[in-house]
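Data first, discussion second: the structure below is written as structure tokens.
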Amino acid sequence: MNNQLRLRVSKYFLIMSGYKVSMAEIMELNEKEFDKKGVKYLGKINVEKMKYSAVARAGLITEIKIWVIRAMTLVLVWACVLQLAALSQTWGPRVVQHWSSAASLPPTRLYKSNGYLMVSSNGGLNQMRAGICDMVAIARFMNVTLIVPELDKTSFWNDHSQFNDIFDVDYFITSLRDEVRIQKELPPTLKRVVEEGTFYSMPPVSWSNMSYYLNTVLPRIEDYELLHLTKTDARLANNGLATEVQKLRCRVNYNALRFTPAIEKLGRKIVEILRQKGPFLVLHLRYEMDMLAFSGCNEGCNATEVDELTKMRYAYPWWKEKVINSTNKRKAGLCPMTPEETALTLRALDIDKNIQIYIAAGDIYGGKRRLASLAEAFPNLVKKETLVQPSELLPFQNHSSQMAALDYIVSIESDIFVPTIGGNMAKVVEGHRRFLGFKKTLLLDRKLLVNLIDKYNTGKLNWEKFSLLVKEAHASHWGTPTKRIVIPGKPKLEDYFWSNPQECLPPTKEQSPV
């Protein structure tokens with residue numbers, strides 16, 4: 001305790017002790033005067049105390065206790081204020097720590113921020129998810145403050161969900177605070193810049209390495225203080241990045257991007273309902289109207305449906321490919337598997353006909369008619385809409401990304417995951433299941449399969465031969481450990497980082513298929 005604080009406390013003690021001397025007289029004493037007179041005062045107090053009655057002594061003790069409690073409280077409050085001041089950051093996140101104790105939070109990474117980065121995610125849920133992970137890594141290695149990403153509201157699905165409608169935003173911010181500073185909003189001066197539309201905005205070059213961001217993007221942030229990146233998908237390369245960059249991408253995806261408690265709760269409930277009835281397979285059956293219209297694939301569709309799909313494709317100007325030969329595209333393995341083709345493939349692989357098959361998709365084009373052969377081969381077909389009450393799904397309906405988040409949770413937890421086309425969800429879920437211990441993921445060779453299926457349907461192959469060839473072709477297609485393919489100069493043809501994040505995967509023995 002320093003001299004000034006000691007003097008002040010001693011003076012208050014004299015005042016609270018009940019000695020008959022004015023408060024003003026005591027408080028005006030300097031340190032030397034107090035040292036001389038304070039002893040005399042205290043001595044007189046001791047003499048006068050003997051004259052007090054028991055009641056007076058009890059009252060004095062009570063007053064002293066009250067003073068001590070007040071003093072201790074003041075000290076504790078002041079200590080807390082100092083501690084919070086040391087931890088706080090300007091415009092930092094408003095933490096609602098409902099998932100774990102404060103002690104589990106990583107320490108804040110202290111650094112001088114080079115500016116602010118705003119990003120607008122594009123695409124569906126999993127396309128945005130992968131892009132957000134990349135942007136966190138980019139922000140961290142540029143030493144800039146990342147503003148919570150804006151989600152795509154102009155895509156085909158027209159979903160107006162905000163980041164905090166899908167992801168636990170507070171957990172996202174605090175779980176990464178030892179790596180990068182993330183804030184919910186800009187400081188007022190920069191918010192006005194955004195409102196006035198005078199900020200710098202650009203689409204970053206796709207498949208770039210970190211040197212592009214350090215040498216080209218960072219100088220612009222330093223010049224303008226704020227930069228807006230208009231696209232987030234495929235902005236970082238699959239290969240050629242430092243291991244610490246790759247590992248941070250994984251940490252964001254597999255830890256920091258936690259769904260909201262409401263989505264997590266319902267997703268876990270669906271998984272529990274399925275588990276109570278035994279093993280289940282998730283079939284990501286992308287035989288939906290928008291996928292067929294976009295891809296130009298119409299295998300099994302009648303003339304009216306082909307015309308409807310073609311009109312839809314021409315209705316969306318950002319779907320650049322308009323004239324598409326469905327037959328040629330299917331033979332090249334570029335079409336989603338039809339429900340009929342999927343049923344034949346699963347049967348050929350000896351998948352138990354009684355297994356529950358959860359369809360992770362929207363409405364199947366053609367409805368029950370197109371699902372008939374699949375339902376006949378595997379009668380335990382279910383969807384989230386058949387497993388929980390409509391009232392439970394109501395908060396998420398008309399929000400495609402939130403509905404997709406429910407399917408994502410079930411897909412991650414399934415015994416087998418089977419995507420019928422290699423879209424964003426298929427790739428991101430594949431990588432996540434590898435991260436969780438190489439859980440069984442059937443990766444279909446569509447080009448080979450449609451050739452075998454056509455031969456079987458035309459009688460060129462009997463069932464036994466067809467089944468044998470399908471099994472042989474997919475013996476190593478179950479999501480087992482494999483080295484990511486690198487093709488210099490052709491990143492789109494490489495294995496996608498998010499489908500095989502090998503830098504983040506533990507060494508393990510290969511699994512055998514079911």
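State all residues of region 152-172 that are at pLDDT below 95 and open to solvent by less than 60 Å² (accessible area, probe 1.4 Å); if no residue qualifies, say none.
D152, K153, S155, F156, D159, S161
Could we say that R446 is open to solvent by 40 Å² or more (accessible area, probe 1.4 Å) and in contact with a Ser or Thr (Cβ under 9 Å, 6 or more places away or on another chain) here?
yes
Are there any pairs with C-beta distances below 7 angstrom linking a residue in region 483-504 that is assigned to a loop (DSSP other than H, G, I, E, B) to a residue that is surrounded by fewer than 12 Cβ atoms within 10 Å (Cβ to Cβ), with the two at least 6 apart or on different chains, and if so which?
These pairs meet every condition: I487/L493.
With G296, G278 as the choices, which residue is in contact (Cβ under 8 Å) with a residue 60 or more places away in the chain and of a type in the set (G, A, S)?
That would be G278, the only listed residue that is in contact (Cβ under 8 Å) with a residue 60 or more places away in the chain and of a type in the set (G, A, S).
Would you please name the residue that is nearest to F141 (Cα to Cα), looking only at residues in region 199-228 that are touching a strand residue (DSSP E or B) at 6+ places or on another chain (Cβ under 6 Å) and open to solvent by 70 Å² or more (accessible area, probe 1.4 Å)?
The residue in question is R220.
Please tell me if R220 is closer than 20 Å to L248 by Cα, part of a helix (DSSP H, G or I) and not hydrophobic (A, V, I, L, M, F, W, C). Explain how you work it out, then say what you get.
Values: closer than 20 Å to L248 by Cα: no; part of a helix (DSSP H, G or I): yes; not hydrophobic (A, V, I, L, M, F, W, C): yes.
It is false that R220 is closer than 20 Å to L248 by Cα, part of a helix (DSSP H, G or I) and not hydrophobic (A, V, I, L, M, F, W, C).
Condition check: more than 30 Å from G197 (Cα to Cα) and acidic (D, E). Does E321 satisfy that?
The answer is yes for E321.
Being at pLDDT below 95 and open to solvent by 30 Å² or more (accessible area, probe 1.4 Å) narrows it down to one of R109, R181, R140, so name that one.
After ruling out the rest, the residue left standing is R109.
What is the residue count in region 449-462 for residues that are buried (at least 17 other Cβ atoms within 10 Å of the Cβ) and part of a loop (DSSP other than H, G, I, E, B)?
1
Exactly one of (1) closer than 20 Å to A332 by Cα; (2) under 24 Å from the mean Cα position of the chain (by Cα); (3) open to solvent by 40 Å² or more (accessible area, probe 1.4 Å); (4) not small (G, A, S) is unmet by I421. Its number?
Checking I421 against (1) closer than 20 Å to A332 by Cα; (2) under 24 Å from the mean Cα position of the chain (by Cα); (3) open to solvent by 40 Å² or more (accessible area, probe 1.4 Å); (4) not small (G, A, S), the one that fails is (3).
Being within 24 Å of K191 (Cα to Cα), in a helix (DSSP H, G or I) and open to solvent by less than 40 Å² (accessible area, probe 1.4 Å): is that true of V252 here?
no
Here is a check on your reading of the model: is F199 closer than 18 Å to M135 by Cβ, at pLDDT below 95 and touching a helix residue (DSSP H, G or I) at 6+ places or on another chain (Cβ under 9 Å)?
In short, yes.
Applying the selection to region 470-479, what residues are free of Cβ contacts under 8 Å to residues at least 40 places away in the same chain and either more than 29 Å from A426 (Cα to Cα) or surrounded by 17 or more Cβ atoms within 10 Å (Cβ to Cβ) (or both)?
If we filter region 470-479 for residues that are free of Cβ contacts under 8 Å to residues at least 40 places away in the same chain, which is where we start, we get 472-473, 475-478.
Residue satisfying the conditions is W478 alone.
The values are calculated or read from the model by the stated rules, or taken from the named source; none is laboratory data. This is a predicted model, so every value here is computed, not measured. Neighbour counts run over all protein chains shown; Cβ positions are idealised from the backbone, glycine included. Note: areas computed on protein heavy atoms with side chains; ligands, DNA, RNA excluded. Shrake-Rupley method; radii C 1.70, N 1.55, O 1.52, S 1.80 Å.
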